[in-house]
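A quick write-up on the structure given underneath.
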Amino acid sequence: LSNYGVFPTFKYIFFEKFHQRTGLMRDPSKIISEIDLAVALELNQEIMLLVSNFYDEFIIACEERFAGHKIKTGTISHHVSKNRLYCIGLALYKFKPDLYIETGTQHGISAEFAVGFSKAINLDLTVVSFDVNSDSLIIPNHNFKQIILKKPVRKNFSRYLNKFSNTYNKIIFFHDSDHSYENMFSEFTAAWKILKPVAILSDDI
């Protein structure tokens, strides 16, 4: 209510509490393998290996950089991180954007991955991460810009998107903030209409 306002809060309650469909299952025909994804993006085995190897090195480096710091359990591991970071890497290589925007910084793993991988492939990329919470421990010595949205959050978010859309040409948008139907739909709509992105990605939670 404090972050998004009265009407979005009512929509959130409606969709999450009263209009929830139960027993939702993933349609097996919609699930594709890493190889299928690479083929769909017209990327070869060499590129897949490049992303995979960088990912392995990145996760190890992250664990070292967070050594001694208290972070959310399971945030950094080969099991929980690979899907989203692998997709980010493939998208960066395929679409060669000049701006990567994400929502939901938390510890900044995805944003820092985008920074590191863009350097590895000599891509001139600006990385920006939005959040409403400034309390999370961000990865030490990070190289991306974090923006903490002030209230009214969604109005300020749209203002930033308009500003970026006038400055950058090819943009990737990655959603990883609140995963309610209402918030995801709101973010995707704003990104699609304002940024006209070359790709929209989402965390698979």
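The values are calculated or read from the model by the stated rules, or taken from the named source; none is laboratory data. Note that the structure is predicted; figures quoted are calculated from it, not measured. No Cβ is skipped: glycine too gets one built from the backbone with ideal geometry, and neighbour counts run over all protein chains shown. All accessible areas refer to the heavy atoms of the entire protein, side chains included, with ligands and DNA or RNA removed. Shrake-Rupley method; radii C 1.70, N 1.55, O 1.52, S 1.80 Å.
Rounded to the nearest 20, the size of the Cβ-charge dipole of the range 32-162 about its Cα centre is 820 debye, with Lys and Arg at +1 and Asp and Glu at -1. Near S186, once Lys and Arg are set to +1 and Asp and Glu to -1 for all other residues with Cβ below 10 Å from its Cβ, the sum equals -1. For Q146, the shell of other residues with beta-carbons less than 11 Å away shows a net charge of -2, using +1 for Lys and Arg and -1 for Asp and Glu. Surface composition of the chain: carbon plus sulfur atoms hold 55% of the accessible area, using a 1.4 angstrom probe and ignoring ligands, DNA and RNA. Heavy-atom accessible area, probed at 1.4 angstrom with all protein chains present, ranks M184, M48 as M184, M48, highest first. Among A91, A111, A40, the largest mean-square fluctuation in a Gaussian network model of the chain, built with springs joining Cα atoms closer than 10 Å, belongs to A40.
When the Cα atoms of the chain are aligned to their principal axes, the ranges along those axes come out at 49, 41, 39 Å in descending order. The residues packed around G108, meaning those with a beta-carbon under 10 Å from its beta-carbon, carry a net charge of -3 if Lys and Arg are +1 and Asp and Glu are -1. Residue by residue, the range 33-44 carries 3J(HN,Hα) couplings of 7, 4, 5, 4, 5, 4, 5, 4, 8, 6, 10, 8 Hz when phi is fed to the Karplus relation 6.51 cos²θ - 1.76 cosθ + 1.60 (θ = phi - 60°); x denotes Gly or Pro.
Projecting the Cα atoms of H179, G116, I13 onto the charge dipole of the chain (Cβ charges, centred on the Cα centre) puts I13 farthest toward the positive pole.
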